[in-house]
Amino acid sequence: MQRRTKIYFPELADSFLANYVAGEYDLDDEQVEELHRKYPERRHQFWKSFASLEIGYEFYVSQYSWIVPLESDITELLQKYGGFEDELPPFEEANYLSILNYKPLVFNKTSVVFFPQEKLFQTQTCARDILLQKRKDKYYDIQDFNQEIKEISLAKEGNILIVSDKSYQYLFFRDSLEKVKYENVEKYLNIFKGLVGKPTEISCPWHKLNDEQFEELCYHIICKHYKPGKEIRKMGKSRSRDGGRDIEFHTPERLGTDSRKWIVQCKLIRDGSSLTGSKINNIMDTIAQYGARGFCVMTSGVIDSGLYDKLDNIKRNYGIEIDEWSKLEIENFLDKHHELRDKYFFD
């Protein structure tokens, strides 16, 4: 009977394997093909986690999603290896919405994100190949693999999505989920009113805040939304800085993804105008100076299309993670966290 070696640091072993899988194409074509026959998940940039030995069942991870057996306890898995040191965010059943040629959405009572259609297809294709390898049946009909979605759950903060079919549960994390931007909301607003049941009058009196108070509010939002733990810093008084970075934080590490450093710029707008690209300068210089892998802008105004384009170009051309919080996202967040809203906008 073959004895399995105990892995004392599965996170470290997974980090090594992630780099190996990403760089295995340095091998010649025959070696790569042989490796993929033995480990079909690696063809799709997935690997079987070393934590499978400790948790008691096989599950597969990539940089953007996990593949987990249907009967497995998601709560235990996320608490051990998902980077959630404190409490796990509550999940709610989510609705899927597709309108005409617009990107489909998933939403629950508190959050809405774009549905990761392409990433789900890639993940389910990997799951199919894993099942084919397990059954070792050359005559197994691929059509027998039922990819019909049976259940969708979304975390309260919109940072974890779980999609289930008849074979597996697929977990997608915040860095692979695209938030709905302010400019897209009008397309779905009438449907939101009927199905989501969110109030439309949730605007905040931004004139009550000064720059320092707004940055403090952003700091508390980051703590609740990203769960960075102790790895978060607010850079002194707002007027004493050059505006390059207002807040700095690190996302928690999870299997398949290392901790990432983020830079946040906070822009308080009290007159109802838009935040334009000209008001956010030298983004790449700031990112390079502080060695960040993510950039976030938070504003009490509307983000105009020019700034969205600028940020999208940085994400596309440099591989930097981008997140934007306009007044809509912030006000929706505060509508879910009345303790923060009351602290900064008391009567």
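Key figures for this structure:
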| quantity | calculated |
| --- | --- |
| Point-to-point label distance, Phe121-Asn317, nm (Cα→Cβ direction, 7 Å offset) | 2.8 |
| Test item: Cα-centred dipole of region 201-344, Lys/Arg +1 and Asp/Glu -1 on Cβ, debye | 360 |
| Difference of contour (0.36 nm per residue) and Cα-Cα distance, Leu70 to Glu231 | 54.6 nm |
| Calculated from backbone phi, Karplus (6.51, -1.76, 1.60) coupling profile of region 46-62 in Hz, x at Gly/Pro | 10, 8, 6, 5, 5, 5, 4, 5, 7, 7, x, 8, 7, 9, 10, 10, 9 |
| Within-12-Å neighbourhood charge of Gln122 [Cβ basis; K, R +1; D, E -1] | 0 |
| Environment charge of Asn108, counting only residues whose C-beta is closer than 9 Å and scoring Lys/Arg +1, Asp/Glu -1 | 0 |
| FRET efficiency, 1/(1 + (r/R0)^6) with R0 22 Å, evaluated for Gln63 and His36 via beta carbons | 0.75 |
| Karplus (6.51, -1.76, 1.60) ³J(HN,Hα), θ = phi - 60°, over region 293-306, in Hz, Gly and Pro reported as x | 10, x, 9, 10, 10, 10, 9, 8, x, 8, 8, 7, 5, x |
| Shape parameters for region 50-125, alpha-carbon atoms, Rg then Dmax in Å | 14.8, 46 |
| 14 Å beta-carbon shell around Phe173, net charge (K/R +1, D/E -1) | -1 |
| Centroid-to-centroid separation of region 145-175 and region 206-232 [C-alpha atoms, Å] | 29 |
| R0 of 35 Å, Cβ-Cβ distance Lys80-Ser273: FRET efficiency to nearest 0.05 | 0.15 |
| Estimated FRET transfer efficiency when R0 is 25 angstrom, pair His338-Asn210 (beta carbons, to 0.05) | 0.70 |
| Interchain or long-range residues, amide H under 5 Å from Ile160's placed H | Ala155 |
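Rule-based calculations on the coordinates, nothing more; no lab input. Because the structure is a prediction, the values reported are computed rather than measured. Every residue, glycine among them, receives a Cβ derived from its backbone with ideal geometry; neighbour counts consider all protein chains shown.
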